[in-house]
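One structure below.
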Amino acid sequence: MTLQRVLIFAGGNTNTAYLEEIRPGDLIIGADRGALFLVEHGIHPHMAVGDFDSINEEQFDQVKSASGQLISCDPVNKDLTDTELAYVIAMDRQPAEIIMMGVTGTRMDHTLANIQMMLRGLQHQIPSAIYDTHNYITLTGSSSVIQERGFTYVSLIPLTPEVTGISLDGFMYPLDNATLRMGQSLGISNRLIQPEGTVRIESGLLLIIQSRD
């Protein structure tokens with residue numbers, strides 16, 4: 001039986017609204033301080049992973065006792081960020097989808113690395129999304145159905161030098177067999193005019209960012 005979803009909660013910008021994303025049957029992973037966020041709000045993660053260098057000993061004991069499994073690593077001699085460690089574990093479970101929360105914030109290096117991480121899921125036919133208070137980010141190499149989700153804008157940003165054959169249905173500003181290249185802003189701030197829209201591309205990788213101010 002295929003695991004439906006894995007939810008990863010990391011230690012970036014967090015919000016209690018993220019907890020509303022949890023559904024029965026989800027596998028919940030807390031990465032470092034993200035695990036503490038879950039525990040402090042009464043959620044028992046199935047796994048808590050990371051070096052836990054952002055929490056104190058008392059908080060660590062709290063996470064350890066409330067988590068189904070603890071996977072700890074050395075804070076210095078490690079090759080993966082806490083979020084990537086959680087993502088690799090999630091991919092190993094071969095879920096239908098991975099959703100990451102708390103993976104954006106003031107550290108742009110971490111934010112960009114986490115966005116690019118979704119490529120690894122796509123290569124294994126596992127769709128991924130990043131959700132925060134102002135954005136819902138997905139990645140496609142073929143087609144994607146975009147649901148309204150309460151966001152105002154939908155922007156299309158190439159993750160490869162060129163994305164070709166872009167066609168949109170259900171959007172205010174339609175495209176038909178269009179090409180977007182890195183550095184162009186043509187795909188910024190579109191809007192859905194139906195409860196959901198469809199994005200199709202022929203080649204390349206396209207970030208789809210739903211956002212609100």
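Only the coordinates and a few stated rules stand behind these numbers; no lab work does. What you are looking at is a predicted structure, and each value in this text was computed from that prediction instead of being measured. Cβ coordinates were reconstructed from backbone atoms using ideal geometry, including for glycine residues, and neighbour counts include every protein chain displayed.
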### Approximate spin-label separation Thr16-Ser203, in nm, with each point projected 7 Å along Cα-to-Cβ
5.1 nm
### Task
Just round it to a whole percent: the fraction of Cα-Cα distances in the stretch 140-211 exceeding 21 Å.
13 percent
### Message
Of the candidates Asn114, Asn190, Asn177, which one comes out as most mobile in a Gaussian network treatment of the chain with C-alpha springs shorter than 10 Å?
### Response
Asn177
### Query
Can you give the helix-only mean residue ellipticity at 222 nm for the chain, where every DSSP H stretch with n ≥ 4 adds -39500 (n - 2.57) and the sum goes over all residues, rounded to the nearest 500 deg cm²/dmol?
-6500 deg cm²/dmol
### Message
For the stretch 38-114, I need the span (max minus min coordinate) of the C-alpha atoms along each principal axis, in Å, sorted largest to smallest.
### Response
31, 30, 24
### Message
Between helix 82-92 and the chain, what is the angle of the helix's C-alpha long axis to the longest principal axis, kept within 0 to 90° and rounded to the nearest 10?
### Response
80 degrees
### Query
Using Cα pairs under 8 angstrom and six or more residues apart, how large is the relative contact order of the stretch 140-211, in percent?
51 percent
### Query
Arg191's amide H: which non-local residues (gap 5+, or another chain) put their own amide H closer than 5 Å, with H modeled 1.01 Å from N in plane and none for Pro or chain starts?
Val154, Met172, Tyr173
### Query
Cα convex hull of the chain: how many Å³ per residue?
128 Å³
### Amide hydrogen neighbours beyond the local backbone of Ile146, cut-off 5 Å, H modeled
Gly197, Thr198, Val199
### Task
Using Cα pairs closer than 8 Å and at least 6 residues apart in sequence, work out the relative contact order for the stretch 100-176, in percent.
19 percent
### Task
Could you line up Thr106, Thr140 from fewest to most neighbouring Cβ atoms inside 10 Å?
Thr106, Thr140
### Task
Name the long-range amide H neighbours of Leu70: under 5 Å, sequence gap of 5 or more, or other chain; modelled H, no Pro or chain starts.
Ala48
### Modelled FRET efficiency - R0 22 Å, Met108 with Thr133, Cβ distances, 0.05 increments
0.85
### Query
If each of Ser65 and Asp53 carries a label point 7 Å out from its Cα toward its Cβ, how far apart are those two points in nm?
2.7 nm
### Summary
A chain fully extended from Glu162 to Ala96 at 0.36 nm per residue, minus the present Cα-Cα distance, gains in nm 21.0 nm
### Message
Between the stretch 125-191 and the stretch 85-115, how far is it from one alpha carbon centroid to the other, in angstrom?
### Response
19 Å
### Message
Below 8 Å, C-alpha to C-alpha, sequence gap of six or more: please give me the relative contact order for the chain in percent.
### Response
18 percent
